[in-house]
Amino acid sequence: MDGAKETGLRNVSSTCSISESDDYDLSRLLDKPRLNIERQRSFDERSLGELSIGLTRGAHDNYETTHSPGWRSGFNTPASSARNSFEPHPMVADAWEALRRSLVYFKGQPVGTIAAYDHASEEVLNYDQVFVRDFVPSALAFLMNGEPEIVKNFLVKTLHLQGWEKRIDRFKLGEGAMPASFKVLHDPVRKSDTIIADFGESAIGRVAPVDSGFWWIILLRAYTKSTGDLSLAETPECQKGMRLILTLCLSEGFDTFPTLLCADGCSMIDRRMVSYLFIHNLSFFCACICAFLFICVLFLTNLMGETCSASEKIKFCHERQLTINKFNVIPDSIPDWVFDFMPTRGGYFIGNVSPARMDFRWFCLGNCIAILSSLATPEQSMAIMDLIEARWDELVGEMPLKIAYPAIESHEWRIVTGCDPKNTRWSYHNGGSWPVLLWLLTAACIKTGRPQIARRAIDLAETRLLKDGWPEYYDGKLGRYVGKQARKYQTWSIAGYLVAKMMMEDPSHLGMISLEEDKQMKPLIKRSSSWTC
């Protein structure tokens, strides 16, 4: 959720556009024969009933990560049974209409969705562009609705953009960097289309894209899982693209790791925490696993290092001081609000910012991704769900879902954000409520066998989202007010709702985005002996 939407996109060099005369076309990859792949128990195609998450507490145990090319999933899933069926909400039709209105076309082919279709806004900024990260929930919605070609077009087009020479001012980016976004310009006179890509030139702080390459790999896997079509992922172009992304991050050097040029305050509210832990590490972790399935040459050992839930760390720090304390966490560093916030049952992942610096805030995106990537153990996953239920008012409130809790304010807000007016307390990335997170919460709920939590959150969203014009975010401790700078008809707010609804209707869709534990490829992550006492 980069705060990168600030200025219009600029055509910074002649290498950063595709005109109609270019000999590179989507047909180069799209016209390749599609494989007729029989569904076999290979390529991570396993029943969710066999996965590491136990799916206790009434979990679904008979749906499979199957694909349904060309139509909506119609398998005998628990969601399609009489006891879980439900009439489509009238808001669904409006959401689909709004999502289709956001489609962007290049030479007659849909290649993505713009960030926001705000009728009332006079200042477009860069919300009229296709953002790689923002398109992910839209892509999932189209895949779940049996429309994979849109996603395939997007993957191919962004892969082509990766091959351009990329510069921010006079700095040349690494070869593997994916664009943050792109824009299609239509010339009605010449009847030609041109693409202009942004690799950070238009972002706040002029920073390189943080996670677009990671999400591209994750989306490629979702497309493959949904369609059963391996032909795209097996092309030399896709294989090279994945290798370039991972080489950029895994190589021993000082080139352009996506977070290298990102200063504090230019995204979210705390670049060190949000980018380095949750965007960088977790989306990178997911991307590595996805790429492993395609390339099978990655080494993930010790990628995430030591992890444990907040409740475990708090209990340990508060109860005893040991000679061995790897993180040098001092009990007095635990903020007072944590003791009131932590329920008797429940926990969540916190951030190890640096030695002796733990960030005890709740981050929704990171905790949901930890569940979906199987980085969290079954017990930890259940603890996260317990926390959400126990602290519903604080984390969900009147509009799902708090991106971070609690908000930072006063002197801390000044020094962390640089007095950023967008990120005042309980607004935007500083404790604001983001409807797009609904799909991540729903996916985590289904995986942990707690669909009732997702149902309750979806019911809340349906009371206001359409009436409020599908805003980008909400302000206030309870998410009661439309964000003061929120764009209306925000595409990922619309798509996030649709994805959540379709996953509840057919939980087999979870297989597109859930990464299950495989002991043969899972990195060896051991907890320090200091935590076992």
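Nothing in this text is a laboratory measurement; each read-out follows from the coordinates by a stated rule. Since the structure is predicted, the reported quantities are computational estimates derived from the model, not experimental observations. Ideal geometry is used to build each Cβ from the backbone, glycine not excepted, and the neighbour counts take in all protein chains shown.
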Within segment 387-411, list the residues whose amide N lies under 17 Å from a label point set 7 Å along Cα→Cβ of Leu478.
391-402
Distance from the Cα centre of segment 178-247 to that of segment 98-118, in angstrom?
15
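Highest mean first, how do 413-420, 213-220 rank when packing is the count of other Cβ atoms within 10 Å averaged over residues?
Answer by packing, highest mean first, reads 213-220, 413-420.
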Name the residues whose placed amide hydrogens come within less than 5 Å of the amide hydrogen of Val104, ignoring near sequence neighbours (fewer than 5 apart) on the same chain.
Val111, Gly112, Thr113, Ile114
Gln452-Asn328 FRET efficiency (beta carbon distance; Förster radius 35 Å; 0.05 resolution):
0.30
Set the Förster distance to 30 Å, then compute FRET efficiency between Glu234 and Glu147 from the Cβ-Cβ distance, nearest 0.05.
0.85
For segment 496-505, take each phi angle, set θ = phi - 60°, evaluate the Karplus expression 6.51 cos²θ - 1.76 cosθ + 1.60, and give the result in whole Hz per residue in order, putting x for glycine and proline.
x, 5, 4, 4, 4, 5, 6, 5, 5, 6
All-pairs alpha carbon distance profile, segment 403-524, 5 Å steps from 0, percent
2, 11, 18, 18, 16, 13, 11, 7, 4, 1
So for each of 473-482, 135-144, 109-118 I average, over its residues, the number of other beta carbons within 10 Å; can you give me the resulting order with the highest mean first?
135-144, 109-118, 473-482
Plugging the Cβ-Cβ distance of Leu250 and Val124 into 1/(1 + (r/R0)^6) at R0 = 25 Å yields, to the nearest 0.05, a FRET efficiency of 0.10
Glu462 paired with Arg190, simple spin-label distance in nm, labels 7 Å along Cα-to-beta-carbon
4.9
Label point at His89 placed 7 Å out along Cα→Cβ; residues across segment 430-463 whose backbone nitrogen lies under 15 Å
434-443, 452-463
With contacts defined as alpha carbon pairs under 8 Å and 6 or more residues apart, what's the relative contact order of segment 373-532 in percent?
26
Residues with amide H under 5 Å from that of Val482, placed H, sequence gap 5 or more
Asp475
